[in-house]
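Colleague: Below are the structure tokens for one structure; questions will follow.
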Amino acid sequence: MQMPPPDRRVLSQKPQLVERLLQVLPADAVIHDPAETRVYECDALTAYTCPPMVAVLPASTQQVSDVLRICHEMAVPVVPRGSGTSLAGGALPTADCVVLSVARMNAVLETDYDSRFIRVEAGRTNLSVTGAVEKAGFFYAPDPSSQLACAIAGNIAMNSGGAHCLKYGVTTNNLMGVTMVLMDGQVVEIGGAHMDAAGLDLLGVICGSEGQLGVVTEATLRILPKPEGARPVLIGFDSSEVAGACVSDIIRAGVLPVAIEFMDRPCIRATEAFAHAGYPDCEALLIVEVEGSAAEIDDQLRRITDIAQRHAPVELRESGSAEESARIWLGRKSAFGAMGQINDYMCLDGTIPVNALSEMLRRIGEMSREFGLDVANVFHAGDGNMHPLILFDANKPGDLEWCEALGAEILKLCVDMGGCLTGEHGVGVEKRDLMLHQFSRADLQAQMAVKDVLDPAWLLNPAKVFPLALSADRMAVPVAAQ
């Protein structure tokens, strides 16, 4: 993975930069000691590290504006950061950058249950948004597995989803408005506390833009009434391909579960040992959850189990209590951590059409054997958002590079099957150089033209998303030349 070399001119300005930052931020919000900046040297893609020149912790939109204005005037790159849970290297610093973390910006600013929205600062964690409204009978729908830690800022940057996105959609379907600071310090409001905005869909451009266009400091989010009830069912199969075919048949039948989650045997075993969720011992497992009234739940589960029976499941078990349902979901949410306890791995994030699940799982098995690296699978099966975990030995020379090569082939296969490179983790540095497999040069030039308008000096989140072969010349243009 290649990164551009640091700009020596920028590095030479560090004393002046720190002095100016301390004029707009308290001393404990400007981190410039090299030993302390190592805390920010990577995100959850820990295979790559690079301590930033400086890290800052603003506590308000005005402070973010002040920081960006200073960095713009001094032509210093800025890497926005939420909670650092990105699995694609979306918050990986460069040695000449300022990491701007919104972690201290976590307040609830407004709640309106009649209009069904909540306005929060972007550093607030995903799960705590629901925590702020659940006593009133509401919840925030997107639920990434990292929801206990991940920030709304990062969810917006990567357009995050989660287990329940099959019914409720991903972040873009639940985002109503943002306050965003442009690189020159200008504060803009996009969307707001209404269902739709007139004119161009700028909110759709911002959501999923990976910190390339501005720093989101506040977000207006749609909240929903809690369903009357919900119940998951566990369906075990003797092969991953059969489980994939069952998912396709459920969707084809017009049933809309709130979630369909997939695990294969390696993930089942690791998760069961970690969380004791009560999963069956089988080759592949589906967790299918439905919700509504008691009658609706019974009807949907009857239809789902009828479909599953046609695929000869080795086990089919409905949850019998709220406690059992909680254990089932605790297991699923713990899957990545459980796998991390037993092996180094790289987590991918390709998306494919649901009717291609069986073929994709078969091909992943073939490629795993070809490369000699085991692959465990746990993913959002209902919308085809794959999360293959490639297992490797981080201490074995060459293993990481071999793992990356296998990952690239799997992601390219997702595109070839009619899908895309990412469903919710983003492009970051991980998939940056695969973008030409999905998009033409003309497509990428059009996307880069949007960045040219909002960040003409290309100072925001450098070396992410766009292949360096196409974007390196833009990143080299100083502010004064714009």
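Colleague: Please go through the stretch 135-149 and pick out each residue that is in contact with a strand residue (DSSP E or B) (Cβ under 8 Å, 6 or more places away or on another chain) and either assigned to a strand (DSSP E or B) or crowded, with 24+ Cβ neighbours inside 10 Å (or both).
Modeller: Within the stretch 135-149, Phe138, Phe139, Tyr140 qualify.
Colleague: Considering each of Gly82, Gly89 in turn, give the residue that is open to solvent by less than 10 Å² (accessible area, probe 1.4 Å), farther than 18 Å from Asp455 by Cα and under 17 Å from the mean Cα position of the chain (by Cα). Break it down into steps so the answer makes sense when it comes.
Modeller: Working: Gly82 fails: open to solvent by less than 10 Å² (accessible area, probe 1.4 Å).
Among Gly82, Gly89, only Gly89 is open to solvent by less than 10 Å² (accessible area, probe 1.4 Å), farther than 18 Å from Asp455 by Cα and under 17 Å from the mean Cα position of the chain (by Cα).
Colleague: If you don't mind, another one. Any chance the stretch 1-24 includes a residue that's in a loop (DSSP other than H, G, I, E, B), open to solvent by less than 10 Å² (accessible area, probe 1.4 Å) and at pLDDT 95 or above? I'd like the intermediate steps shown before the answer.
Modeller: First, pick out the residues of the stretch 1-24 that are in a loop (DSSP other than H, G, I, E, B): 1-7, 13, 22-24.
With the extra rule that they be open to solvent by less than 10 Å² (accessible area, probe 1.4 Å), the set shrinks to none.
So far as the stretch 1-24 goes, no, none of its residues is in a loop (DSSP other than H, G, I, E, B), open to solvent by less than 10 Å² (accessible area, probe 1.4 Å) and at pLDDT 95 or above.
Colleague: A follow-up question, please. Cβ-Cβ below 8 Å, separation at least six or inter-chain, first residue in the stretch 129-151 and more than 22 Å from Leu87 (Cα to Cα) and among the acidic types (Asp, Glu), second open to solvent by 10 Å² or more (accessible area, probe 1.4 Å) and assigned to a loop (DSSP other than H, G, I, E, B): which pairs?
Modeller: Glu134/Lys226
Colleague: Also, quick follow-up: Does Leu413 meet the test of being surrounded by 15 or more Cβ atoms within 10 Å (Cβ to Cβ), in contact (Cβ under 8 Å) with a residue 24 or more places away in the chain and not assigned by TED's automatic domain parsing to the domain that holds Glu359? Spell out how you get there, then give the answer.
Modeller: Working: surrounded by 15 or more Cβ atoms within 10 Å (Cβ to Cβ): yes; in contact (Cβ under 8 Å) with a residue 24 or more places away in the chain: yes; not assigned by TED's automatic domain parsing to the domain that holds Glu359: no.
Answer is no for this residue.
Colleague: Report yes if some residue within the stretch 422-429 is over 25 Å from Val170 (Cβ atoms), modelled with pLDDT of 95 or more and open to solvent by less than 10 Å² (accessible area, probe 1.4 Å); otherwise report no.
Modeller: Here is the first cut: in the stretch 422-429, the residues over 25 Å from Val170 (Cβ atoms) are none.
No; the residues of the stretch 422-429 include none that is over 25 Å from Val170 (Cβ atoms), modelled with pLDDT of 95 or more and open to solvent by less than 10 Å² (accessible area, probe 1.4 Å).
Colleague: Look at Ala132 and say whether it is under 23 Å from Trp329 (Cα atoms), part of a helix (DSSP H, G or I), open to solvent by 10 Å² or more (accessible area, probe 1.4 Å) and in contact with a strand residue (DSSP E or B) (Cβ under 6 Å, 6 or more places away or on another chain). Reasoning before the result, please.
Modeller: Working: under 23 Å from Trp329 (Cα atoms): yes; part of a helix (DSSP H, G or I): yes; open to solvent by 10 Å² or more (accessible area, probe 1.4 Å): yes; in contact with a strand residue (DSSP E or B) (Cβ under 6 Å, 6 or more places away or on another chain): yes.
Taking the combined requirement at face value, the residue satisfies it.
Colleague: Return the residue satisfying two criteria in turn: it lies in the stretch 183-198 and is open to solvent by 90 Å² or more (accessible area, probe 1.4 Å) and under 16 Å from Arg119 (Cβ atoms), and of such residues it is modelled with the highest pLDDT. Walk me through it before giving the result.
Modeller: Initially, the stretch 183-198 is screened for residues open to solvent by 90 Å² or more (accessible area, probe 1.4 Å), giving 186, 189, 195-196, 198.
Checking which are under 16 Å from Arg119 (Cβ atoms) leaves us with 189, 195.
Details: Glu189: 96, Met195: 73.
Taking the candidates together, the pick is Glu189.
Colleague: For the subset of the stretch 369-392 comprising residues that are of a type in the set (Asp, Glu) and at pLDDT 95 or above, which member is most open to solvent (accessible area, probe 1.4 Å)?
Modeller: Our first condition is that a residue be of a type in the set (Asp, Glu); within the stretch 369-392, this holds for 370, 374, 383.
Narrowing the set further to residues that are at pLDDT 95 or above leaves 370, 374.
Numbers: Glu370: 137, Asp374: 107 Å².
This residue is Glu370.
Colleague: If you don't mind, another one. Can you go through Gly423, Gly407 and tell me which one is touching a strand residue (DSSP E or B) at 6+ places or on another chain (Cβ under 8 Å) and within 15 Å of Tyr345 (Cα to Cα)?
Modeller: Working: Gly423 fails: within 15 Å of Tyr345 (Cα to Cα).
Residue meeting the stated conditions: Gly407.
Colleague: Follow-up question, since we're still on this one. Could you run through the stretch 32-69 and say how many residues are crowded, with 21+ Cβ neighbours inside 10 Å and of a type in the set (Val, Ile, Thr)?
Modeller: 4
Colleague: Is at least one residue of the stretch 39-49 on the phi < 0 side of the Ramachandran plot, in a helix (DSSP H, G or I) and either within 24 Å of the chain's Cα centre (by Cα) or aromatic (Phe, Trp, Tyr) (or both)?
Modeller: yes
Colleague: I'm checking my understanding of the structure. Among residues of the stretch 117-128 that are in a helix (DSSP H, G or I) and among the polar types (S, T, N, Q), which one is farthest from Gly82 (Cα to Cα)?
Modeller: Restricting attention to the stretch 117-128, the residues satisfying the condition of being in a helix (DSSP H, G or I) are 126-128.
After this cut, where a residue has to be among the polar types (S, T, N, Q) as well, the list is 126, 128.
Values: Asn126: 11, Ser128: 14 Å.
That would be Ser128.
Colleague: Taking the criterion of being in contact with a Gly (Cβ under 8 Å, 6 or more places away or on another chain), open to solvent by less than 40 Å² (accessible area, probe 1.4 Å) and not basic (Lys, Arg), would at least one residue in the stretch 235-243 satisfy it? Give the steps one after another, and end with the answer.
Modeller: Let us first name the residues in the stretch 235-243 that are in contact with a Gly (Cβ under 8 Å, 6 or more places away or on another chain), namely 240.
The next check asks that each one be open to solvent by less than 40 Å² (accessible area, probe 1.4 Å); those that pass are 240.
Now narrow it down to the ones that are not basic (Lys, Arg): 240.
Yes, the conditions are met somewhere in the stretch 235-243.
Colleague: Does Asn126 count as out of contact with any strand residue (DSSP E or B) (no Cβ under 7 Å at 6 or more places or on another chain) and within 28 Å of Val99 (Cα to Cα)?
Modeller: Numbers: out of contact with any strand residue (DSSP E or B) (no Cβ under 7 Å at 6 or more places or on another chain): yes; within 28 Å of Val99 (Cα to Cα): yes.
So Asn126 fits the description; yes.
One line per residue, one yes/no per condition, for (1) modelled with pLDDT of 95 or more; (2) of a type in the set (A, V, I, L, M, F, W, C):
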| site | (1), (2) |
| --- | --- |
| Ser160 | yes, no |
| Val181 | yes, yes |
| Leu200 | no, yes |
| Gly208 | yes, no |
| Leu213 | yes, yes |
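Colleague: Considering Val64, Val78, Val10, which residue is touching a residue at least 40 places away in the same chain (Cβ under 8 Å) and out of contact with any strand residue (DSSP E or B) (no Cβ under 8 Å at 6 or more places or on another chain)? I'd like the intermediate steps shown before the answer.
Modeller: Working: Val64 fails: out of contact with any strand residue (DSSP E or B) (no Cβ under 8 Å at 6 or more places or on another chain); Val78 fails: out of contact with any strand residue (DSSP E or B) (no Cβ under 8 Å at 6 or more places or on another chain).
After applying the criteria, what remains is Val10.
Colleague: What about Leu436, is it under 30 Å from Ala356 (Cα atoms), open to solvent by 60 Å² or more (accessible area, probe 1.4 Å) and not assigned by TED's automatic domain parsing to the domain that holds Glu359? Working first, answer last.
Modeller: On the way: under 30 Å from Ala356 (Cα atoms): yes; open to solvent by 60 Å² or more (accessible area, probe 1.4 Å): yes; not assigned by TED's automatic domain parsing to the domain that holds Glu359: yes.
When the stated conditions are applied, Leu436 passes them.
Colleague: Considering each of Ser160, Ser209 in turn, give the residue that is open to solvent by 10 Å² or more (accessible area, probe 1.4 Å), touching a Ser or Thr at 6+ places or on another chain (Cβ under 6 Å) and assigned to a loop (DSSP other than H, G, I, E, B).
Modeller: Answer to the check: Ser160.
Colleague: Out of everything in the stretch 108-129 that is open to solvent by less than 40 Å² (accessible area, probe 1.4 Å) and more than 23 Å from Gly337 (Cβ to Cβ), what residue ends up being nearest to the chain's Cα centre (by Cα)?
Modeller: Out of the qualifying residues, it is Ala122.
The values are calculated or read from the model by the stated rules, or taken from the named source; none is laboratory data. Just so we're clear, the structure is a prediction, and the values are computed from it rather than from any experiment. Note that each Cβ is placed from the backbone with ideal geometry, even for glycine, and that neighbours are counted across all protein chains shown. We work out accessible area using only protein heavy atoms, side chains counted, and drop any ligands, DNA or RNA first. Shrake-Rupley method; radii C 1.70, N 1.55, O 1.52, S 1.80 Å.
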